[in-house]
Structures are given as structure tokens and as C-alpha cells.
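Structure record follows, encoded as C-alpha cells.
The values are calculated or read from the model by the stated rules, or taken from the named source; none is laboratory data. Everything quoted here is computed from the prediction, not taken from an experiment. Methodologically, a virtual Cβ is constructed for each residue, glycine included, from the backbone with ideal geometry; neighbour enumeration extends over all protein chains shown. Side chains included, ligands, DNA and RNA excluded: accessible areas come from the protein's heavy atoms. Shrake-Rupley method; radii C 1.70, N 1.55, O 1.52, S 1.80 Å.
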Amino acid sequence: MYSVGICIDESYFLPALATLTSLADSRGPAEVRSISVRVLTTDLARSRAATMAAVVDRLGFASFDLRWQRTDPNWRLASCGHISAATYLRFGFTRRFVDRPYFVYLDADLLVLGDLTGPFDSLATGQIALVRDRLVHAVGRGQALPGVVERWPSFAGRPYYNAGVMWCPSGTLPGLRGHIAAIMARAQQHIHFNDQDALNLWALFSGAVVPAGDALNTFELERFEGGAHLTGNPDRADPAVLHFVGPDKPWQRTCPPCRAVTLYRTYLDAARRLTSRVGDLTADLPPPGG
């Protein structure tokens with residue numbers, strides 16, 4: 001029914017497998033067998049690509065495909081030292097590569113804990129679904145989209161979305177890709193949060209974003225808040241997606257411990273065991289700060 005897409009460089013190899021392991025664990029075997037996995041990468045070694053294909057097969061997904069792709073060197077990489085140019089690969093997915101009616105993009109720093117398919121029911125071709133960003137809730141607040149409100153005052157206060165999870169019919173992808181290229185050609189001075197700001201510019205110009213529920217991209221904030229709850233908001237429903245935003249990642253030894261980090265590391269350990277079982281004994285974590 002749908003494909004899941006992930007974009008990585010070499011340093012996000014194991015975290016991406018942790019994300020896929022959590023997805024497989026969250027769904028029944030029959031549903032997993034209907035989901036395809038698609039990966040775009042800038043620099044993954046061919047041996048790692050073979051390992052990923054073998055792990056995805058062991059997890060029971062329908063199919064796997066991976067492509068090496070370069071990002072446009074002229075596209076602005078404006079902030080966040082823990083992010084590489086691979087973040088822009090999300091705009092490289094094509095309808096043919098996805099090869100399913102629907103597509104879900106996932107960042108490689110999250111866990112899938114529930115059903116991802118709900119937004120598909122309300123999406124038409126040309127639209128995407130995104131979850132509103134909890135930390136930067138509206139255009140004109142925070143560091144996102146610098147200068148946009150001054151240039152286009154009518155955009156002030158419009159919803160600002162997090163790009164960690166994105167849903168669309170695969171028929172949306174060609175138009176999205178073309179429009180993003182146009183935006184980067186004429187408005188990338190307004191980019192601060194890289195591909196996320198680019199996607200929000202597309203949302204502002206197109207009006208084609210369908211909001212998805214908070215549980216589908218819940219920020220894990222206990223690392224920052226020191227609270228006693230899993231999601232960073234005790235009133236929020238259990239997350240279907242738990243997203244570890246910011247530079248402090250749960251695979252890093254320096255990451256403050258909390259229940260969500262402990263949960264993440266169970267999936268990371270499971271992913272590492274799977275790499276060993278398929279014969280890759282050298283898979284390692286990103287370096288500190290990566």
C-alpha cells in the first residue's frame with residue numbers, strides 16, 4: 001500500500017535501522033509485508049547498503065531499494081551542525097522509485113510506535129500531510145524562515161510544520177520536487193532550518209498541507225525538560241511517532257538518560273544484533289556530536 005522513505009549519510013546508518021526496526025515491531029507481520037522501504041543516500045558504502053537490504057528483508061518488509069544521489073551544492077545548509085546536506089535528499093524521491101500509491105517520509109532520528117496510515121484518508125494528489133511544529137508553532141516566531149514575514153506580511157501567524165514525518169500520494173512527488181527547486185532558486189535567503197524551511201515555504205505558497213495529529217510526530221522533550229513523562233506533554237495521547245529533535249540524540253553516550261532514551265536504545269540494540277546476524281560485524285554509531 002505504501003512506501004517508507006529515509007534519507008541518510010553514512011553516520012545515520014544504524015539510527016535508520018533502529019527506526020525501521022521500531023516500525024516493523026509496531027505493526028503486525030501482514031502489514032509489514034505490505035510496506036516497501038526506499039532509501040536515498042549521499043555516501044553509504046555498498047557493503048552497508050547490502051547490510052541494510054538484508055536487515056530490511058529479515059524485518060519482513062515487502063521490498064527494499066536504495067539509490068545514491070547528490071544534493072544540489074547551491075542549496076543553502078544554514079544551521080544545525082548535526083545535520084548534513086543529506087537532509088535535502090527528501091526532495092529526490094520520485095514516483096517511480098517509490099512504486100506505491102502512497103509515501104511516508106521518516107527522519108532517521110525517530111521511533112515508530114503506532115499506525116502511520118491515518119493521514120492517507122484525507123489526502124488528494126498535490127497535497128501532503130505534516131504535523132505542526134511544537135517548538136516553532138507559527139510563521140514569524142523563532143529562527144525559522146528569517147525575513148519571510150517582512151517580505152510577505154500575510155504569512156505571519158500561519159502554521160509552521162515540522163518536517164520529520166511527511167505523508168503524500170506518490171503522485172504529489174513530481175510537483176513537489178519542481179516547486180522546491182524553484183523556491184531554492186528565488187527564496188533560499190529565508191532558509192534557516194534547511195529542508196524544513198523549504199518545505200514550509202512550499203506550504204505557504206501552495207496552501208496544500210493537510211494537518212496531521214500531534215501523536216503522529218511527538219517531540220521527545222524529557223531530555224530537555226527533566227520531566228517524568230515520556231512524550232514531553234502529560235496530556236498528549238501516546239505517540240505513534242516519537243521524534244528525538246535537536247542535536248542531543250539518543251544513540252549518543254552523552255545524551256541525558258530518560259525513559260524514551262532507554263526505549264530508543266532497545267531498538268538500537270536490536271538493529272545492531274540484526275546487522276551482526278546478516279554478517280556485518282563492523283557497524284558502528286555516529287561519532288559524538290554526529
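Annotations for the structure displayed:
- When residues of the stretch 209-227 are limited to those that are in contact with a helix residue (DSSP H, G or I) (Cβ under 8 Å, 6 or more places away or on another chain) and hydrophobic (A, V, I, L, M, F, W, C), the one nearest to Gly140 (Cα to Cα): Val209
- Taken as a whole, the structure leaves Asp121 outside the set of residues that are open to solvent by 30 Å² or more (accessible area, probe 1.4 Å) and within 20 Å of the chain's Cα centre (by Cα).
- Residue that is nearest to Phe91 (Cα to Cα) [pool: residues in the stretch 188-222 that are part of a strand (DSSP E or B) and β-branched (Val, Ile, Thr)]: Val209
- Applying a threshold of 6 Å to beta carbon distances and a minimum spacing of six or more residues, or different chains, the list of pairs starting in the stretch 18-43 at a residue that is open to solvent by 30 Å² or more (accessible area, probe 1.4 Å) and ending at one that is assigned to a helix (DSSP H, G or I) reads Thr42/Ala86; Asp43/Glu10.
- Verdict on Ala185 being free of Cβ contacts under 8 Å to residues at least 24 places away in the same chain, part of a helix (DSSP H, G or I), among the hydrophobic types (A, V, I, L, M, F, W, C) and on the phi < 0 side of the Ramachandran plot: yes
- Pairs with Cβ under 6 Å, 6+ apart, first in the stretch 137-163 and surrounded by 15 or more Cβ atoms within 10 Å (Cβ to Cβ), second part of a strand (DSSP E or B) and not hydrophobic (A, V, I, L, M, F, W, C): Pro159/Arg132; Tyr161/Arg132
- Leu201 vs. criteria modelled with pLDDT under 95 and either open to solvent by less than 20 Å² (accessible area, probe 1.4 Å) or farther than 17 Å from Phe155 by Cβ (or both): no
- Every pair of residues 6+ apart whose Cβ atoms lie under 6 Å, when the first sits in the stretch 203-224 and is closer than 14 Å to Gly118 by Cβ while the second is small (Gly, Ala, Ser) and outside any helix (DSSP H, G or I): Val210/Ala129; Ala212/Ala129; Ala215/Ala237; Ala215/Ala240; Leu216/Ala240; Asn217/Gly164
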